[in-house]
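First the structure, in the form of structure tokens, and then the observations on it.
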Amino acid sequence: MTPDAAVPNPWWHGAVLYQLYVRSWRDSGGDGYGDLPGIIERLDHLSWLGVDGVWLSPTMPSPDADWGYDVSDYTGVHPELGDLDDLDALIEEAGRRGIRVLLDLVPNHTSAAHPWFVDALSGRDAAHREYYVWADPAPGGGPPNNWKDATGAPAWEFHAVTGQYYLHNFLIGQPDLNWWNPAVHREFEDILRFWFDRGVGGFRIDVAHGLYKDAELRDNPPLERENPLEGRFGLRPVYSANRPETHQVFRDWRSLADGYSPARLLLGETWVGDAGRLASFYGAGDELHLAFNFPFVFAEFGAEALVGVVATTLGALPAGACPVWTASNHDVGRFPTRWCGGDPRKIRLALLLLTTLPGTVVLYYGDEIGMAEVDVPPELRRDVMTMEGAESHPNRDRARTPLRWDSSPGGGFTADDVTPWLPFGADPAGSVEQQRADEDSVLWLCRRLIALRKSELGGRVARYQRLDSPPGTWVYQTGALVVAANLSDDPVVVPGPAGPVLLATADSPAVGDADPLLAPWSGRITRQP
């Protein structure tokens, strides 16, 4: 699809989005949990940093079996986080700073405490029974098929009162919705309108690849080798997710979202392992606006791997589509630990690469200071789904710990005499305050990179071209910017355009004409004359 030159590009083209884990951002109430008023108190940090939008972790009412990803009311606010007035105030205050607010929407499943499911349990003829996936026991008894949930247990729970199993691809308390039922479609279209009408800038859509399930509930085939993007626990989720009917949902939602001015953003959690399937979620420019690129997230932090994923992705996306790049989130962990092993050189280089690729970039809270994962001891863990810390899915609490704003006992996150919901840990990145005072810090580099991105690449999906360079390096042009990165342990001569360096990871302000010798794990940005 070729964009109409007369139509302005969507606001997210070239933008920087910021994923904010609400419970770990700022506790305004003194209970150890972050909240919506706390976000408002610290909005100036996001404005100073230069982000264009903020994606909030789930804010809707929930029993918190999965920390908000088990929703009990799709049109409310969790009372521990605030109320609708607080959310309205946040949208307004963020808007004054030019920042749009995205909510997390969970359409694959609800909480078992949702009124729909409570009613569904009352009998096979209940009004909301067909809102969920029910099946009779297999011949001879037991679950209807071999599907497993996210913990590796059977994905079916028997309900003795009605004599059927219900499906839960996640926890037992997260029953899957039945998207074959038109009533479910109508419910969610009303939910989208409710929030869009309140000024929400869009949604990050949880488990966007998983809404429909196979109508025949066939067994999933075996998995040849463990791969987080292709399957787990020995099975490929061919029938429990990744069904083609899901795309019609997004075509309907796209029409709805584009009917608002400005258009509301649909950003999908598309957990797929290849560029072709990723591209399918963009449709013909009529499905999701953005789809998360997990092959990039899980790529090795090396030149060959990253170059390959970027080239394959850009080659697969339909014309006019906007790629989105991220390296950290609340499920997969933090890139300063996972990619960089805490090495400050690699952290700086990763930020330079993320912020100079074409399309949209999403930073996770704390990325801007190089925040590391925290080794949360077992007795302090809160994430039930990964409580056992299985190697295939390590405990997710390590990437959800509170942001340190200052060096006080409460870290500026909560009062000094309050215990935060998760521990801070000893983070070598220090605090936002410490880095704000040091113009050579990761925070200042990140701010400069965002400013450069906004001035050079903002408002469009810039053209990307890989340039010749020695092994272990990655040199490319995005728009007029030329990025040279040395992702190796040795200094390498990397020729580039003559002229001043706009930014470099080793010395964040402009540093004069480019030196062709790049130090190990360093990068620079120049401009094509």
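Values quoted throughout were computed directly from the atomic coordinates according to the rules given, and no laboratory measurement underlies them. The model shown is predicted, which means the values in this text are computed figures rather than measured ones. Reconstructed Cβ throughout: ideal geometry from the backbone, glycine too, with neighbour counts over all protein chains shown.
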* Please give the per residue volume of the convex hull enclosing the alpha carbon atoms of the chain, rounded to a whole number of Å³. => 146 Å³
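State the extension gain, in nm to one decimal, for the chain segment bounded by Glu189 and Ala415, taking 0.36 nm per residue of separation less the distance between their alpha-carbons. Display every interim value, and only then the final one.
Working: separation 226, 0.36 × 226 = 81.36 nm, distance 4.09 nm.
The span from Glu189 to Ala415 would gain 77.3 nm if fully extended.
Gain in length, Ser455 to Asp197, computed as 0.36 nm per residue apart minus the alpha-carbon separation, to one decimal in nm? Please list the in-between numbers first.
Numbers: separation 258, 0.36 × 258 = 92.88 nm, distance 3.11 nm.
Extra length from Ser455 to Asp197 when fully extended: 89.8 nm.
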* Asked: Which whole-Hz couplings ³J(HN,Hα) result when phi for each residue of the range 344-360 is put into the Karplus expression 6.51 cos²θ - 1.76 cosθ + 1.60, θ = phi - 60°, listed in order with x for Gly and Pro?
  -> x, 5, 5, 4, 5, 5, 4, 5, 4, 5, 4, 8, 10, 7, x, x, 10
* Within the range 163-202, what residues put their amide N at less than 15 Å from the label point 7 Å along the Cα-to-Cβ vector of Tyr260? -> 188-202
* Structure fact -> Whole-number value, in Å³ per residue, for the convex hull of the alpha carbons of the range 227-312 is 106 Å³
* Asked: So for the range 115-167, what percent of the C-alpha to C-alpha distances run longer than 17 Å?
  -> 36 percent
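Loop only by DSSP, 15 or fewer other Cβ within 10 Å of the Cβ. Give me the trypsin sites (Lys or Arg not before Pro) in the range 339-434 that pass, ordered by residue number. Each step should come with its number before you reach the end.
Values: sites: Arg345, Lys346, Arg348, Arg381, Arg382, Arg396, Arg398, Arg400, Arg404; in loops: Arg381, Arg382, Arg400, Arg404.
The qualifying sites are Arg382.
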* Asked: If you take the Cα atoms of the range 153-272, find Rg, then find the Kirkwood Rh from the mean of 1/r over all pairs, what is Rg/Rh?
  -> 1.02
* **Rg [Å, one decimal], Dmax [Å, integer] - the range 155-208, C-alpha atoms** => 14.8, 44
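With all distinct Cα pairs included, what does the Kirkwood hydrodynamic radius of the range 385-526 come out to in Å, to one decimal, could you say? Present the calculation step by step, with values, prior to reporting the outcome.
Working: mean 1/r = 0.0551 Å⁻¹.
By the Kirkwood definition, the hydrodynamic radius is 18.1 Å.
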* If you place +1 on the Cβ of every Lys and Arg, -1 on the Cβ of every Asp and Glu, and leave all else neutral, what size is the dipole of the range 302-411 about its Cα centre, to the nearest 20 Debye? -> 220 debye
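What FRET efficiency, computed as 1/(1 + (r/R0)^6) with R0 = 35 Å and r the Cβ-Cβ distance, is obtained for Asp73 and Ala215, rounded to the nearest 0.05? Let's see the in-between values first.
On the way: r = 29 Å, r/R0 = 0.83.
Computed FRET efficiency for Asp73 and Ala215: 0.75.
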* To do: Please list the non-local residues whose amide H lies under 5 Å from the amide H of Trp55, H modeled 1.01 Å from N, same-chain partners needing a gap of 5 or more.
  => Tyr18, Gln19, Leu20, Leu102
* Using the Cα atoms of the range 210-256 to build a convex hull, what is its mean projected area in square nanometres? -> 3.7 nm²
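Quick check: residue separation of Arg96 and Asp515 times 0.36 nm, minus the Cα distance between them. What number comes out in nm? Please report the intermediate quantities before stating the final value.
Working: separation 419, 0.36 × 419 = 150.84 nm, distance 4.20 nm.
Result: 146.6 nm gained on full extension.
Need one number: % antiparallel among DSSP beta bridges in the chain, to the nearest 5. Write down the numbers at each step before the final one.
Values: 34 of 58 bridges.
Taking every DSSP beta bridge with both residues in the chain, the antiparallel ones total about 60 percent.
Sorted from largest to smallest, which semi-axis lengths in Å does the alpha carbon gyration tensor of the range 462-527 give for its equivalent ellipsoid, taking the root of 5 times each eigenvalue?
Each semi-axis is the square root of five times an eigenvalue, giving 16, 15, 10 Å.
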* To do: Give me the distance between the Cα centres of the range 270-336 and the range 159-208, rounded to whole Å.
  => 25 Å
* Working from the alpha-carbon coordinates of the range 1-118, get Rg over Rh, Rh being the Kirkwood radius. => 1.04
